[in-house]
Amino acid sequence: MPKKTLYIARHAKSDWGDNTLSDFERPLNPRGERDAPFMAKLLKEKGAKPELILSSPAKRAKTTAKHYHETLGGELRFDERIYEASHISLQYLVEEMFQEVDSLMIVGHNPGLTALNDLLSNKSIYNLATAAVVAIELEDSVAPHKGKQKFFEYPKKYK
């Protein structure tokens, strides 16, 4: 397998103010609307160039992914398998997408994303906070602890 880069991105902060909305329909709150473009710009400065941004179709993830797509380019797709996915399901999805591309961003939800990092990366993280992104470089396979964490960024690091 040639060298691959995986960006694991949690959606930005969502709005819990309207209890008539389902979890799937929750939008970003003002902090999320501020943090998503900030993180997109930061990722661009760090040289992130995902060929494919694959996002959960939940509204908060979709909006976050659109911010990344506007700034970073690449193809944008939505995949229902990401919403409420386990880290093992996400691992299989990453393997599948790496048949098509060498650089992939997954935009989704916890706890699956934190667990995916902890499964694939050489460094565990306590929690992938909202709008956080971890980059992992994989050389041999999408296998446990074979990836090298290139960076772990989140908005509060810069405030």
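Scanning the stretch 1-52 for residues that are touching a strand residue (DSSP E or B) at 6+ places or on another chain (Cβ under 7 Å) and acidic (Asp, Glu), we see that the one that is farthest from residue 151 (Cα to Cα) is 15. Would you confirm whether any residue within the stretch 28-43 is free of Cβ contacts under 8 Å to residues at least 60 places away in the same chain, assigned to a loop (DSSP other than H, G, I, E, B) and touching a Lys or Arg at 6+ places or on another chain (Cβ under 7 Å)? Checking the stretch 28-43: at least one residue is free of Cβ contacts under 8 Å to residues at least 60 places away in the same chain, assigned to a loop (DSSP other than H, G, I, E, B) and touching a Lys or Arg at 6+ places or on another chain (Cβ under 7 Å).
When the stretch 147-159 is filtered for residues that are under 16 Å from residue 104 (Cβ atoms) and touching a helix residue (DSSP H, G or I) at 6+ places or on another chain (Cβ under 7 Å), only 147 remains.
Quick check: is even one residue across the stretch 55-73 in a helix (DSSP H, G or I), farther than 29 Å from residue 18 by Cβ and either among the aromatic types (Phe, Trp, Tyr) or modelled with pLDDT of 95 or more (or both)? Yes, the conditions are met somewhere in the stretch 55-73. On the stretch given as the stretch 1-27, residues that are surrounded by 15 or more Cβ atoms within 10 Å (Cβ to Cβ) and part of a loop (DSSP other than H, G, I, E, B) total 6.
The values are calculated or read from the model by the stated rules, or taken from the named source; none is laboratory data. A quick note: this is a predicted structure, and the numbers were derived from the prediction, not measured. Ideal geometry is used to build each Cβ from the backbone, glycine not excepted, and the neighbour counts take in all protein chains shown.
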